[in-house]
Structures are given as structure tokens and as C-alpha cells.
Amino acid sequence: MKWFTCTPVAFGGGEDFFCRDSGLLSRGFRAIGVESRAVMPGERKPEDLDELIRTDAANLESTSWWESHGLDGVVLYAWGRPKFRRVAEAIHRAGIRLVLNQDSRGMVSPRCGLKNWLASEKVVSGLGRVPGAWWKYAASVGRGLSVGLLATDPLRARHLRHGDRIAAVSPRAAEHYRALCRNYIGEDVGKRVCCIPHPVSPDFHPGDGTRERRVVAVGRWDDELQKRSSLLMATFERLLKKDAAVGIDLIGDTPDKFNEWRAHLPRDHGQRVTLHGRITPDRIVDLLQRARIIYCSSAFESFHIASAEGLCTGCTVVSSRSICLPSFEWFLSEGDGRFAETDDAAGHAAAIVDEMAAWDAGGRDPHDIAHRWAGRLHAPRVAQQVLGLFEDEDAGGKEGRIAGALR
């Protein structure tokens with residue numbers, strides 16, 4: 001059996017690429033005995049690994065190029081974007097099973113539900129919390145209700161029709177895509193929508209160490225609009241006052257304001273905050289294996305791989321509840337953390353304090369948490385889920401393939 005993954009954007013092809021998303025899924029296929037490589041356009045880069053195929057962008061739109069590889073399937077990470085529809089069409093015409101990964105919250109069009117779409121646009125634009133966001137919101141809504149409905153949506157529909165399966169990364173996002181497909185593209189396409197999460201490396205496991213009274217946060221902290229670093233700092237200030245023993249690990253590029261913030265904290269508070277900057281995955285694993293909680297301050301995320309990695313190492317999750325954070329409904333559906341009651345520093349800090357109390361009371365088992373989530377999110381398991389989408393077709397021959405296409 002032979003499955004490729006493909007990203008039609010010329011990212012770097014080094015170890016960082018193969019630690020997540022399409023690169024990591026390709027490794028997941030190989031881990032279960034399926035021949036696999038990742039495909040990207042562009043000239044080969046010095047850091048590219050041998051498990052990557054580089055090719056001209058034109059080849060990705062060539063049916064004969066895809067046919068030449070003798071593939072059973074491709075997972076295409078192209079976000080359903082109209083500009084990449086010809087890549088999907090070429091794979092489809094080659095007779096290769098095609099899974100269209102949708103790395104998205106699911107609110108991609110007013111056709112998903114106008115009320116929810118407008119609410120999502122408010123959050124993403126920063127309306128009510130970022131100066132001047134009103135104009136960004138108005139422009140985004142204007143585009144969505146004009147160019148979006150008249151041009152983008154029809155081209156997106158052509159893209160999605162080529163998929164044997166349309167894979168959203170969370171159950172709630174899958175619901176949004178089903179609504180889009182059934183209301184606009186067609187009932188048959190809506191039946192192809194499924195949930196296939198982003199993979200997590202098997203390196204993220206609970207370990208055997210003792211869980212310390214620590215909270216981890218991972219992010220691109222220079223992105224205030226999405227990651228809300230100001231909210232994070234205000235939340236941690238309150239947390240450090242409420243819990244005299246808690247330690248905080250901040251991972252990711254840290255802008256100057258983080259160093260200034262920590263320097264202005266009371267001495268005993270600042271000593272309990274560690275700014276790690278960008279660190280290697282193995283060091284992230286070590287920190288998560290020591291910690292109890294992974295905290296997400298984001299206003300919006302398509303998936304939030306850091307929280308998924310935290311669950312696979314046995315941490316619980318704290319975040320806000322939002323239509324723009326659909327994965328967290330799933331992450332917290334079995335009691336593996338909690339939502340903040342209010343989306344502000346007081347509410348977030350209170351949620352972390354309450355979650356830490358649940359650990360103190362023996363209400364959290366990191367090995368149980370990790371076992372359940374690794375079974376869903378580790379890359380080999382996600383690869384198995386992709387193959388499982390076509391079990392009925394494989395078992396039923398031609399009739400099964402027809403039925404599977406309508407599932």
C-alpha cells in the first residue's frame with residue numbers, strides 16, 4: 001500500500017516540517033507499514049529530508065505525474081482553497097483516493113450559518129479588543145458576503161467535490177463543513193465529511209516522573225491578535241498571587257514585553273516564571289511531562305497542536321469557550337480540563353486554580369489521560385483512521401467503493 005501526503009506550498013522540508021501536520025502524517029503511515037512520502041513544490045532546500053519529494057508546482061496539477069507514482073491515496077493539505085483546486089482535480093482524475101484535509105475552524109463561509117459566521121468574524125478581527133478592528137471586521141464581512149459568495153464559494157465547491165473524503169480536524173469543524181456542503185454543494189458531498197485530527201508525534205507520552213505544580217503555555221507570543229499575550233500575562237499575574245507554589249513555563253519566541261513584564265513582577269513571582277523561548281521538541285516533551293496543565297489564551301485556533309501534545313503527555317487543558325476554538329469542545333468533553341467561566345484574566349486564572357485543585361484532590365490521572373488521547377492523536381493512529389475511512393470499500397469491492405463515496 002502506498003499513500004502520499006501533499007502540501008502545495010513551498011515550506012521548508014527539514015525536521016520541523018516532519019514534526020507536524022502533513023509531514024508527521026507521512027511518518028505515521030510508514031510507522032504502520034504503509035509506503036509514504038510527503039510532496040511539496042519548489043526547488044530542493046539544504047534542510048530537506050530524503051522523505052520529501054520536491055517537484056515543480058505544475059506537476060501537482062498534472063494527472064499523469066500523480067499516476068506515475070502508483071499511489072493508493074493522497075492526503076492533501078490545501079485548506080480547500082480555490083487556488084489549489086487543480087491539484088485536487090489532478091489527483092482525483094488519476095483515480096487515486098483523495099482525502100482533503102481542512103485545517104480550519106470550519107467557519108469558512110456565510111453558507112455555514114450566517115449568525116455563527118458573523119460571530120466568528122468578530123473574534124478573528126479583534127472587534128471589541130483591538131483598536132481599529134471595526135474596519136477589519138467590516139471589510140472581512142463585506143468580502144465574505146460579496147466576493148466570497150459569488151466567486152470564492154463556487155471555486156471552493158469545485159475543490160471539495162474532488163475529495164473522496166473531506167477531513168475536518170475537530171468534530172465541531174466537521175459539523176460546519178457538513179452544513180456548508182449539504183446547504184450549498186450537495187448532500188452527497190456532505191456525507192463525505194469526517195473528522196481526522198492533526199497528528200501528534202509518539203514522542204509525546206506521559207513518562208514516569210512526578211507531576212509538579214506547573215502550568216505550560218506554548219505560542220507565537222508576538223501575535224497579540226490571535227494568541228492574546230496581554231491576557232496571558234494578566235492571567236498569570238493573578239495566578240501567581242493566588243497560588244504561592246505554582247510555576248510557569250512559557251515556550252515560544254518571547255517579545256521584549258515578556259521580559260519587561262517578568263522584570264516588573266514581585267521578586268518571588270518572577271522567579272517562578274521561566275521564559276524558554278524556542279526550544280526543541282524533546283525539551284517541550286520534558287516540560288509537559290513535569291507539568292499538570294497546559295493553558296491556551298488564544299482567541300481563535302483551527303486545532304491547537306500544543307494542547308493536543310499536552311493531552312498526549314497527560315496534562316489537562318484550560319482555555320476559553322468560543323466558536324473560534326472548536327477543538328476544545330472535544331479536548332474537554334471527557335473532563336480533561338475546564339473552560340474559563342469568563343473570557344478575561346480573572347476567569348482564566350480562576351479556571352487554572354480550580355483545575356490545579358482537581359489535581360490536588362486526586363481527580364486527574366495523567367496516564368489515563370495520555371492513554372486515551374494518544375490512541376486518537378498519535379501519528380500512527382491518525383494514519384490508521386485515514387485508512388479506516390475506506391474499509392467498507394476495500395471489503396465490498398466496486399459496490400463498496402460506491403457506497404463509501406456516499407458515506
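The values are calculated or read from the model by the stated rules, or taken from the named source; none is laboratory data. Please read all numbers here as calculations on a predicted model, not as lab measurements. Counting neighbours? That spans all protein chains shown, and the Cβs are built from the backbone with ideal geometry, glycine included. These accessible areas exclude ligands, DNA and RNA; they are computed on the full protein's heavy atoms, side chains included. Shrake-Rupley method; radii C 1.70, N 1.55, O 1.52, S 1.80 Å.
Worth pointing out:
- For the stretch 243-271, the set of residues classified as basic (Lys, Arg) and in contact (Cβ under 8 Å) with a residue 24 or more places away in the chain consists of 257 only.
- Residues of the stretch 103-149 that turn out to be assigned to a helix (DSSP H, G or I), open to solvent by 50 Å² or more (accessible area, probe 1.4 Å) and more than 23 Å from residue 160 (Cβ to Cβ), as a count: 4
- Some residue of the stretch 176-197 being under 30 Å from residue 255 (Cα atoms) and at pLDDT 95 or above: no
- Flag for residue 324 being modelled with pLDDT of 95 or more and either more than 21 Å from residue 238 (Cβ to Cβ) or among the acidic types (Asp, Glu) (or both): yes
- You will find that of 125, 120, 109, the residue that is within 23 Å of residue 84 (Cα to Cα) and small (Gly, Ala, Ser) is 109 and no other.
- Being touching a Gly at 6+ places or on another chain (Cβ under 9 Å) and at pLDDT 95 or above holds for only one residue in 71, 98, and it is 98.
- Any hit, the stretch 263-271, residues being in a loop (DSSP other than H, G, I, E, B) and under 23 Å from residue 211 (Cβ atoms): yes
- Check on residue 271, polar (S, T, N, Q), at pLDDT 95 or above and in contact with a helix residue (DSSP H, G or I) (Cβ under 9 Å, 6 or more places away or on another chain): no
- Residues in the stretch 258-299 that are over 27 Å from the mean Cα position of the chain (by Cα) and closer than 17 Å to residue 222 by Cβ: 259, 260, 261, 262.
- Single residue of 282, 222 found to be charged (D, E, K, R) and in a loop (DSSP other than H, G, I, E, B): 222
- For the stretch 78-90, the tally of residues that are farther than 22 Å from residue 385 by Cα and open to solvent by less than 10 Å² (accessible area, probe 1.4 Å) stands at 2.
- For beta carbons closer than 9 Å, sequence separation of 6+ or different chains, a first residue in the stretch 325-338 that is crowded, with 18+ Cβ neighbours inside 10 Å and a second that is assigned to a helix (DSSP H, G or I) and polar (S, T, N, Q), the qualifying pairs are 327/307; 328/307; 331/307; 337/307.
- Filtered residue count, the stretch 126-140, keeping only those that are of a type in the set (Gly, Ala, Ser) and under 14 Å from residue 322 (Cβ atoms): 2
- The lone exception for residue 182 - which of (1) among the basic types (Lys, Arg); (2) in a helix (DSSP H, G or I); (3) touching a residue at least 24 places away in the same chain (Cβ under 8 Å) it fails: (3)
- Restricting the stretch 61-77 to residues that are surrounded by fewer than 22 Cβ atoms within 10 Å (Cβ to Cβ) and over 23 Å from residue 394 (Cα atoms) leaves a set whose member that is farthest from the chain's Cα centre (by Cα) is 64.
- Within the stretch 211-240, the residues that satisfy the criterion of being open to solvent by 30 Å² or more (accessible area, probe 1.4 Å) and free of Cβ contacts under 8 Å to residues at least 40 places away in the same chain are 220, 222, 223, 230.
- Qualifying residue in the stretch 161-170 (condition: over 24 Å from residue 325 (Cβ atoms), at pLDDT 95 or above and assigned to a helix (DSSP H, G or I)): yes
- Given (1) open to solvent by 20 Å² or more (accessible area, probe 1.4 Å); (2) in contact with a helix residue (DSSP H, G or I) (Cβ under 9 Å, 6 or more places away or on another chain), index of the condition residue 360 fails: (2)
- Unmet requirement for residue 103, which otherwise passes all of (1) under 23 Å from residue 172 (Cα atoms); (2) out of contact with any strand residue (DSSP E or B) (no Cβ under 7 Å at 6 or more places or on another chain): (2)
- Test: residue in the stretch 264-277 that is closer than 30 Å to residue 167 by Cα and open to solvent by 10 Å² or more (accessible area, probe 1.4 Å): no
- Looking only at the stretch 167-210, residues that are within 30 Å of residue 150 (Cα to Cα) and either touching a helix residue (DSSP H, G or I) at 6+ places or on another chain (Cβ under 6 Å) or surrounded by fewer than 18 Cβ atoms within 10 Å (Cβ to Cβ) (or both) come to 24 in all.
- In the stretch 146-162, the residues that are over 20 Å from the mean Cα position of the chain (by Cα) and under 30 Å from residue 394 (Cα atoms): 156, 157, 158, 159, 161, 162
- Meeting the requirement of 1 or more residues that are without any contact (Cβ under 8 Å) to a residue 24 or more places away in the chain and within 25 Å of residue 204 (Cβ to Cβ), the helices (runs of 4 or more DSSP H) wholly within the stretch 1-82 are 21-31.
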